[in-house]
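The values are calculated or read from the model by the stated rules, or taken from the named source; none is laboratory data. Computed from a predicted structure; not experimentally measured. Counting neighbours? That spans all protein chains shown, and the Cβs are built from the backbone with ideal geometry, glycine included. Ligands, DNA and RNA are stripped out before the accessible areas are found, and what is left, the full protein with its side chains, is counted by its heavy atoms. Shrake-Rupley method; radii C 1.70, N 1.55, O 1.52, S 1.80 Å.
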Amino acid sequence: DYSQRFRHLFGIQNEQALELFYQTVSMKSVGNLTDFVRHHMLGKGTVTARIDELRQNFDNLNLAHLAIMKAKDQITRLLPLVKECDNYRTVNQDLKQLRNCRDHLSGYYAHHHVELLLQRITVLEQELSKIDQRLIKVKEELFQLKRQQTELERDIDDSGGRRLQQIEDIIGSLAVERDKKRGCNSSFQQQLKELDRPPVLSEDDFYTNITDLESLLKILEGDIAELKNSFITASVDLQAIKGQVEQLEAELESLRSRRSNIPLRNLQLRQAMLDVLGVDAAQLPFVGELLQVDEGEAAWEGAIERVLHNFGLSLLVPESLYEQVNVYVERTRLKGRIVYYKVNDQPQKRSEEPATDALCRKVKIRGDSPFYSWLESALVERFNYICCEQLETFRRQPKAITLNGQIKAAGQRHEKDDRRSLQDRSRYILGWSNEEKISVLEQQKKGLEHQGQQLAEQINTLHQQEDEYTSKRDTVRDLQLFTTYDEIAWEPVAQRIQELAEEKEQIEKSSDRLKELRYQLTLAEEKLEAEKIVFRTGGA
């Protein structure tokens, strides 16, 4: 305690300094100067501990280095394995895909086999239909030949002129059948020509056309359905354009009767309120009617219009009318949207002076408006955006706007709404001159009228195409009413008439009636036998 008090009074901070003082007083007791300096002039060192610490750190670093080298060596050794694993994964995926393809081959080939079988069935059904028709004809011919044979035998027995009368009767009935089939053939060929199809010259051509007509009918029905859908779509678009043109006409008529740029719908909502309250529009103005972008800031007009759009469509309500407006809005179903601000009569205090390049300095306020002071303060408080031509400046400012309409508010929120063009003057609502907006809307109206004219022409074209395709479809359906070639095959009937006419002529000129009849009977029997052979072979 005495030592500490002594060092405190004499300002000796280190105990070792006092010890050095003691030793210096009695220098005669110094035996070894090195030990004296080490023990009395130098602080106590921890060399051994530091050496141990260095050794420990070296060992740790050396072990870490060896571990890193070992890991690098392991990675180097494993790289081929990783590469082989990747190759294995790729090969395994390819193998799975190939196995999957192999597993689906049976179904794939079965699907195509089914399609081929269905096609073959269709062909065989057509062949069967042809054979059935041929068999019917052969049966008919057999019946006729047997009948002819019987009649010839009877004529031979009678040796009279009854055969001539029968031939005339047969020729008469066959002529009616020939004319009917010829008319059907002519109509059939004409309808094929209307469809740009080749004429039918044989039985095979007939059944080929019947098969193709089914596919053609499906195509025509699909085309007609598509044309109807296009017709409906075009008609709906035309009606929509007509509605837009009517809206533009009403908007233009309203704009020509005033000088503001406020949309007609907003004016109608306000006018309904004015009619009930019995006040003038000047007492409840829109903000947009009192603001206008400075003429010298034309480059910023689109961006400023976008920022002030909603604010410009707001109504300003003086304190004297606030209660009436409040009650009207509460009790009325507006069928629209109204935003209004209560404007106090007290003078507005400006919280801060806006910068020289602030948005609010680029907007003019009507000088004769009683709301001038309120609007000036509102613009500074709500729209004190710095107008930045460079993005570097934009990023530094807490509230800023660019020429392209990007808005930064509160230093964090950024917004850019490009659903409408900045230069779309049809959306502008500021200012007390609407000549430019009228010009833009007139151009839009002309464009819509041109689109409507094009749609009307398109609808007319679609209607004509639908009539054309419908006519072709009906023609195809008429052609499908002919199911067998025999319905239009008039040449065999004509040939039969010619044969009967020749027979009649021969009978009339023959001097030996019995000989002629027997000869005809022989021919009939030979033809009958031939037809029986055809019938037994299935009409082939």
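Which helices, counted as full DSSP H runs in the chain, have an axial Cα extent of no less than 30 Å and a Kyte-Doolittle average of -1.0 or above?
Both cut-offs are met by 47-158, 203-256, 513-536.
Quick one: which residues, 5+ away or cross-chain, put their amide H under 5 Å from the amide H of Tyr385? H built at 1.01 Å from N.
Amide H to amide H, under 5 Å and 5 or more residues apart or across chains, Tyr385 pairs with Leu359, Cys360.
Just checking my list (1) -0.79, -1.10; (2) -0.46, -1.03; (3) -0.31, -1.03 against log10 I(q)/I(0) by the Debye sum over Cα atoms at q = 0.06, 0.11 Å⁻¹ computed from this structure; which label fits?
Computing log10 I(q)/I(0) by the Debye sum over Cα atoms at q = 0.06, 0.11 Å⁻¹ and matching it to (1) -0.79, -1.10; (2) -0.46, -1.03; (3) -0.31, -1.03 gives (1).
For the chain, what is the calculated [θ] at 222 nm in deg cm²/dmol (nearest 500), taking -39500 (n - 2.57) for each run of four or more DSSP H residues and dividing by its residue count?
Calculated from helices alone, the mean residue ellipticity at 222 nm is -24000 deg cm²/dmol.
Using unit Cβ charges (K, R positive; D, E negative) and no other charged atoms, how large, in debye to the nearest 20, is the dipole of the chain about its Cα centre?
That gives a dipole near 3760 debye.
Going by a ≥ b ≥ c, the root eigenvalues of the Cα gyration tensor, does the stretch 205-304 fall in the rounded group (a/c under 1.5), the prolate group (a/b larger than b/c) or the oblate group?
Verdict is prolate for the stretch 205-304.
Ignoring the sites themselves, what is the longest stretch of the chain with no trypsin sites (Lys or Arg not before Pro) in a DSSP loop and at most 14 other beta-carbon atoms within 10 Å?
Answer from the scan: 45-257.
If contacts are Cα pairs under 8 angstrom and at least 6 residues apart, what is the relative contact order of the chain in percent?
About 24 percent, as a whole number.
Return the sequence-ordered ³J(HN,Hα) values of the stretch 385-402 in whole Hz as given by the Karplus equation 6.51 cos²θ - 1.76 cosθ + 1.60 applied to θ = phi - 60°, using x for Gly and Pro.
After applying 6.51 cos²θ - 1.76 cosθ + 1.60, I find 8, 7, 7, 10, 8, 10, 5, 4, 5, 4, 5, 7, 7, x, 10, 8, 8, 9 Hz.
Would you list, by chain and number, the lysines whose Cα falls below 22 Å from the Cα of Lys399, excluding same-chain residues fewer than 8 positions away?
Partners found: Lys349, Lys362, Lys364, Lys408, Lys416.
Per residue, how much accessible area does the chain have with a 1.4 Å probe, in Å²?
Accessible area per residue: 66 Å².
Which chymotrypsin sites (Phe, Trp or Tyr not before Pro) in the stretch 411-481 pass both tests, a DSSP loop state and at most 13 other beta-carbon atoms within 10 Å?
For chymotrypsin sites (Phe, Trp or Tyr not before Pro) across the stretch 411-481 that sit outside H, G, I, E and B with at most 13 neighbouring Cβ atoms in 10 Å, the list is empty.
Let me know the shape class of the stretch 443-497, please: from the alpha-carbon gyration tensor, a ≥ b ≥ c as square roots of the eigenvalues, rounded when a/c is under 1.5, otherwise prolate if a/b is greater than b/c, or oblate.
prolate
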